[in-house]
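For reference, the structure discussed in these notes is given below.
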Amino acid sequence: MEAEASSFETSEMLARFLGSTPLLPESWKLCARSNVMAPQGFLVDEVGGVTYVAFSGVQSLDGLNPCCGNLVPLSIATTGVSPVYGGGDGGLFPALQKQSDENEVMVDAGLLQLFLTIYHSPIFQNQMFEIKRKQKPVVFTGHSIGGAIASLSSIWLLSYYQSVSSPPSVICFTFGSPLIGNESLSRAIHRQRWGGNFCNLVSKFDIMPRLLFAPLAPINTHLRTLLKSWQLTMNSPFFIRDLGVQLTEHEKSELFHFVLRYVDATVRSPGVITNSFVPFGNFMFCSSDGGVCIDDTVAIVRMLHLTFASGSPSLCINDHLEYEAYVDKISLQFLNRTQDEFYESNTYETGVTLASQLISTDQEHMVKPIKDCLRVVRRIGPTPNRNSAELAIGLSRIAPLRAQIEWYKAVCDESDDQLGYYDSFKLRGASKRDFKVFMNRMKLGEFWKNVIDMLENNQLPHDFHKRAKWVYASQSYKLLIEPLDIAEYYRSGEHRRNGHYLKHGRPRRYEILDKWWRERDIYGENDNNNNSKNRSKFASVTQDSCFWAKVEEARSWVESVKCESDPRVLAALWVNVENFEQYASRMVERKEVSIDVLAKNSSYMLLMEDLRVLKLQLPYFSPQIYGVLDRKVLP
Amino acid sequence: MEVDRESVKLSLDNELIKTACNLSMEAHRSQHDDVVTSSMPSVAIFAFKSSMKVDGMYNDGPFGETNVDLQLFPSLQRIGEGQLAKVNGSILHIFKNLLTDSCFKSEVEKAIKEEKKILLTGYSFGGAVASLATMWMLDEYIRKQKIRLPIGCVTFGCPLIGDRIVTHAVQREKWSGHFTHFVMERDIVPRMMLAPKTSNFLKKNTRTHHDLLVDEDQAEGFFENVLINASTVASHDAFDLMEPTNSIKETLSAEFVKFSPYRPFGAYVFCTRKPRQQLVVENPNAVLQLLFYLLQLPNKDQNLAQFALESLTQHLSYEEELNINGLQLDINKMVYLKHLNKHLLTTDGDKVRNSNKALFELTADAKWCLLAVEEAEKRKEKNMDQLKKYMRYYKSSKINDMTKIIEDLCDKIPKYKEKCGDRELDYYEAFKLNNEQQDFEVNVDRLEQAKIWDVIIEMVRRQELPDEFEVWDELVALGTRFRRLYEPLDIANYYRHSKGDSYMDNRPKRYKFTQRWHEHASVMGFEVVSESNFVAVVEDLMKEVITPTKKTFEEVKKDYECIENKVKTWKYDEKITNEDVFWGEFILAKLKEKLA
């Protein structure tokens, strides 16, 4: 199918939709109230069946100042702080801690501390208990620093809800919130598909959302003065401006240019600097004409820069207090027709022009850069849904390949040489049939590799890997084909060159499919054929696709035993062998292996025989003697 | 067999519209009659009164919608899923009373006997009743009784009453052309059901010619509420049509934002006054966008209260409009949106722009949304073309020898059946044994079929195909053939691996859907057990005989007789009997033997 680009730029339409719902004005109303009435705390309200929790933007600055701008790992900061509330080993954010292959998820130390202080208060715990009990949808919201606390609370509740079936929805609206975490956090949120749960309103010039692109130590005193003055205004019932000590014009200018320099650098540096702050979720950029809503991180950073750079020292400070007007504007913008009229060559450019006009608000020189920025995120290629339909048809095309291999397995398992499926393939000759199976195996591998690539490039629907059809198709692929891959690996002697399959030869696709299977939605369709009922007959395919790899490894241990003389090494080998024996006999006992494992001449049966003879010959090598040694447990 | 669609459409002329409008107003003001009829020599006109208080529209929750009765409206559902359409509860209630209590039905049947054309009409809420009555007639007389009389429905300032499934069903059955809704550019009533109830409506008892819906001092709030909610619905739908990748809208599920289920259906004629022009819009999605965008305030300086009042009074102006010929179907004043779409974003000359001023005065984003509607329509057509390639060979389609075609796969089964005959087995038993190369090959075909159909079903469920896809005769025929040939194999496979549960509890959607398509197309009523899956019931009974768990021997015997009778009737039903059907003689005989 020909590649096609999306024909609509939807950032303006999305903002329009969000703006027309009561969510934005209701959120803001409670935010403003909490600024006045609940300094250092939060307010809860229920409107139209939705619970709103607004965190005050007026927060203690004592804890904030020394570490504002310092990233700390999310895990360290939460585990052990209070195991009573944390609920077990995973800490407060178990969902974000699993990834081992990248940098640690980090958040701002000061903001995390503010969140934890509120989190551990009994009043918060009570409210959250109520919310969890009622199973009602929740909006977390907050202005300024309150927005950061709202984000952390949302991440926490989303993490908590992961273990709950059909949880209620959680959404987070922030108004002029600082960034809260590093790139790993942003990626983790993306990977959990939580981006759609966050909507950060950012006014064009507001310095706060850009602040953490810069190191804060050099401007600490300015910042303190600024925050104090903001908070005095936010806290005052009639929103009186310019309370307390003000920054001088010169200081404002210093602050603006200092931050601008770093925002500038962030945009210029290709790739993201480690240990810097990165946005996540949706950003709704507000101007006096309306808003646009985008969710691509690169575009967000560029837009944060573009709009900020078009401001001025005094705008960047005043705009932090203008959200009321922006929310009003966005929720009422559709009442009137706008006067503009323009013509574009296609529907995509129309959307781009609409969005760029809204944001540039008569600053002509900004129109072009904003357009460029929006075009960055244009989707090229068919839609995820179309891709998924195409893949499903592809799956039907490979079905016969799989069925042929199943047929081959049945033939091998019943054949007279009693080698079984695995060993028949490993010791195969040059027959046409064997070659066909070999080719089918390759084609199937290609197909699944492609599926995984597409998913990781966001070309498939966001819940693709949780759809029952694909989870089961991938699992049956893995169980049937991986033994052949293992056979091929050992047949060609690659284990002698690169080491054993499990550690050094296993294709990445199998690890990912393992993950799909582990994380499958147990409430999905037709799970009935995979329940844990006791099996009455042997499985049609061995339920651990790596079984044969473990057999091969055990075989190499047994071989080593035969010629090893160092007693300590020998002991360790015996422990391994014994662990394997236990694992394998458990599999056989539960009938989780297919009959090919028990074929008379299979590698497994030969190994067992070998082992039996070996033990008879060397009775004094009983592993018990070495029981004092640490036992390694096989997975 | 099928009723010619065009022959049952009522063509409107100005005289008819005028009579309809006058009669509608008469019914509206009538103190007694729910229906006012007028019989012209060739046309019988029924005008419905809106005998309700507006508050009543919201009896069942914030929007007052309720499921339709399947007996009255068998077509108002999504066929495959069997998901019922929702309509406004009060309007449905009024219609049902009308059907049982008044002489409406007998009058209609009298008109049919006299072979008259039938026109249903109504003003305001009366139009809503008329719409519902029309849908009932289309189902009852045209679809079921196959009467060939032109039927039409004309409404004036009618509120929305049906959800998107009604819209879908009307499109699918090609009923759109039966409905003509006249709507004044800014009339609030056709939009009001897009918002939940907030205002206290005036009781309409002290009726004068100029009764408003709400007090004048409430007009502004009422109007604003309607406009805000119309904006939510319109932007929500437009966003969806644009194939977005952003996921925030999914998070904002119905839990967070409760918006109106109602959507327009049928053709809309938007009438403007300055100048007097008419815009005909046939695509329901485009109608929805225009319902919102035409209601927007023209500019920032516009006084909201005044505009709101104007919007309310426009609802009272249909009669006046008629008298100065504003509702005339005048070719010079009328223009079709579908012809203008390609001009929306261009600077084409004054002629195009003057063809409908109201449309071209809309803002760029309004036009953009209208284009999104058109694009979405094209996309659905394109999806259907994609699927066609997998159904059968068309002259136009490129033949790729890798691609398996449903039709080819179906053709293989009769050959398999024949070969099984050589093994002295029917193909069901043979496939269940599955011990020969040919069984294996057929199994591969079965898997191929399953995957292609699963894709089709998935696209139907995601509503990515044109509305009329499910009643497309080629699809229905192919689906029926596939079901009859392959479902016995699926059943055989199921019981071969005997997982304990009944097949009927795990029946794949590809068979449920194809069966329902066939049943709908032949106006049969929906069944669970059919000619393609009764073998599964027999298998279950067989199991009960061997190891009774739920049923006594007598019950099994009774069930068996029931199945046997069904099979007999099917064999004589011309809609069902077909060489493709597998009659399960062997397994039936086996069960009979066991029960003897």
Computed E for A:Ser431/A:Ser492 - FRET, C-beta separation, R0 22 angstrom, nearest 0.05: 0.75
Note to self, chain A gives a 222 nm [θ] from helices alone (DSSP H runs n ≥ 4, -39500 (n - 2.57) apiece, / all residues, nearest 500) of -17000 deg cm²/dmol
Quick check: the distance between the Cα centres of segment B:485-541 and segment B:281-321, to the nearest angstrom? 52 Å
Rounded to the nearest 100 Å², the accessible area hidden between B and A, summed over both chains at a 1.4 Å probe radius, is 6400 Å²
Would you kindly derive the ³J(HN,Hα) couplings of segment B:535-546 from the backbone phi angles with the Karplus curve 6.51 cos²θ - 1.76 cosθ + 1.60 (θ = phi - 60°), listing them in order in whole Hz, with x for Gly and Pro? 4, 5, 4, 4, 4, 4, 5, 4, 5, 4, 5, 6
0 to 90° range, to nearest 10: angle between helix B:14-29 axis and chain B longest Cα axis: 80 degrees
Straight distance only, please: which aspartates and glutamates reach the Cα of A:Lys443 with their own Cα at less than 16 Å, same-chain residues fewer than 8 apart left out? A:Glu406, A:Asp434, A:Asp453, A:Glu482, A:Asp485, A:Glu488
Considering only DSSP states other than H, G, I, E and B, which GluC sites (Glu not before Pro) in segment B:398-481 qualify as loop sites with at most 12 other Cβ atoms within 10 Å? B:Glu424
For the protein assembly as shown, the charge dipole (Cβ of Lys, Arg +1; Cβ of Asp, Glu -1; about the Cα centre) points to a positive end, and the Cα of B:Gly221, B:Leu291, A:Phe198 closest to that extreme belongs to A:Phe198
Phi angles of segment A:302-313, converted by Karplus (6.51 cos²θ - 1.76 cosθ + 1.60, θ = phi - 60°) into ³J(HN,Hα) in whole Hz with x for Gly and Pro, give 4, 5, 4, 6, 3, 6, 5, 5, 7, x, 8, x
Listed residues A:Trp156, A:Ser314, A:Met303: farthest to the positive end of the dipole of segment A:11-336 (Cβ charges): A:Trp156
Violations at 27 Å Cα threshold for listed pairs B:Lys380/B:Lys509; A:Lys469/B:Lys86; B:Lys451/B:Lys557; B:Lys9/B:Lys512; A:Lys515/B:Lys389 -> A:Lys469/B:Lys86; B:Lys451/B:Lys557; B:Lys9/B:Lys512; A:Lys515/B:Lys389
Could you give the length gained by full extension between B:Ala477 and B:Val523, i.e. 0.36 nm per residue of separation minus their alpha carbon distance, to one decimal place? 15.1 nm
Under a point spin-label approximation (7 Å from Cα along Cα-to-Cβ), what is the B:Glu564-A:Arg191 distance to one decimal in nm? 6.4 nm
In segment A:551-602, carbon and sulfur make up what percent of the accessible area (probe 1.4 Å)? 47 percent
How big is the antiparallel share of DSSP beta bridges in the protein assembly as shown, given as a percent to the nearest 5? 40 percent
One quarter of the C-alpha convex hull surface, i.e. the mean projected area of chain A in nm², amounts to 35.3 nm²
Degrees between helix B:585-595 axis and first principal axis of chain B (Cα, 0 to 90, nearest 10): 70 degrees
Please identify every one of the trypsin sites (Lys or Arg not before Pro) in segment B:511-587 that sits in a loop by DSSP and has no more than 10 other beta carbons within 10 Å of its own beta carbon. B:Lys550
Considering only protein heavy atoms and a 1.4 Å probe, what is the carbon-and-sulfur percentage of the accessible area of segment B:398-595? 49 percent
Antiparallel as a % of all DSSP beta bridges within chain A, to the nearest 5? 45 percent
Summed over the other residues with a beta carbon less than 14 angstrom from that of A:Thr248, with K and R at +1 and D and E at -1, the charge totals -3
Per-residue average of other protein chain Cβ atoms inside 10 Å, peptide B:230-242 -> 6
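How high is the relative contact order of chain B, given as a whole-number percent (alpha carbon pairs under 8 Å, six or more residues apart)? Could you put the intermediate results ahead of the total?
Numbers: 832 pairs, mean separation 69.2, N = 596.
The normalised contact order for chain B reaches 12 percent.
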In segment A:11-336 the DSSP beta bridges are antiparallel at a rate, in percent to nearest 5, of 45 percent
Protection proxy ranking, peptides B:308-314, B:23-29, average beta carbon neighbours within 10 Å, highest first: B:23-29, B:308-314
Other-chain or far-sequence residues with amide H under 5 Å of B:Ala44's (modelled H): B:Lys117, B:Ile118, B:Leu119
Accessible area of segment A:11-336 divided out per residue, in Å², using a probe of 1.4 angstrom: 36 Å²
Where Rh is the Kirkwood radius over Cα pairs, Rg/Rh for the protein assembly as shown: 1.01
Using only Cα atoms, find the angle between the long axis of helix A:547-563 and the longest principal axis of chain A, and express it within 0 to 90 degrees, rounded to the nearest 10. 60 degrees
Please give the FRET efficiency for B:Trp583 paired with B:Ser11, using the beta carbon to beta carbon distance and R0 = 51 Å, rounded to the nearest 0.05. 0.55
All lysines inside 17 Å of A:Lys562 as judged from Cα atoms, apart from same-chain residues fewer than 8 positions distant: A:Lys615
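With charges set only on the Cβ (+1 for Lys and Arg, -1 for Asp and Glu), what does the dipole of segment A:11-336 come to about its Cα centre, in debye to the nearest 20? Working shown, then result.
Details: 21 positive and 25 negative charges, 81 e Å.
For this selection, approximately 400 debye.
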What does the charge count near A:Leu616 come to, summing +1 for each Lys or Arg and -1 for each Asp or Glu among other residues with Cβ under 14 Å from its Cβ? +1
So what's segment A:11-336 giving for Rg/Rh, alpha carbon basis, Kirkwood Rh from the mean inverse pair distance? 0.93
What part of the accessible area of segment B:79-196, given as a whole %, is carbon or sulfur when the probe is 1.4 angstrom? 48 percent
Taking only C-alpha pairs under 8 Å that are 6+ residues apart, what is the relative contact order of segment A:11-336 in percent? 22 percent
How much mean residue ellipticity at 222 nm does chain B get from its helices, if each DSSP H run of length 4 or more adds -39500 (n - 2.57) and you divide by all residues, to the nearest 500 deg cm²/dmol? -15500 deg cm²/dmol
Going through A:Lys409/A:Lys478; A:Lys228/A:Lys252; B:Lys417/B:Lys543 one by one, the pairs whose alpha carbons sit over 19 Å apart turn out to be B:Lys417/B:Lys543
Determine the per residue accessible area of segment B:398-595 with all protein chains present and a 1.4 angstrom probe, expressed in square angstrom. 47 Å²
Candidate aspartates and glutamates for bridging to B:Lys249, where Cα separation is under 14 Å - those fewer than 8 sequence places away on the same chain excluded: A:Glu12, A:Asp295, B:Asp237, B:Asp240
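The values are calculated or read from the model by the stated rules, or taken from the named source; none is laboratory data. Please read all numbers here as calculations on a predicted model, not as lab measurements. Positions of Cβ are generated from backbone atoms using ideal geometry, with glycine treated the same way; all protein chains shown enter the neighbour counts. For accessibility, only protein heavy atoms count, side chains too; no ligands or nucleic acids. Shrake-Rupley method; radii C 1.70, N 1.55, O 1.52, S 1.80 Å.
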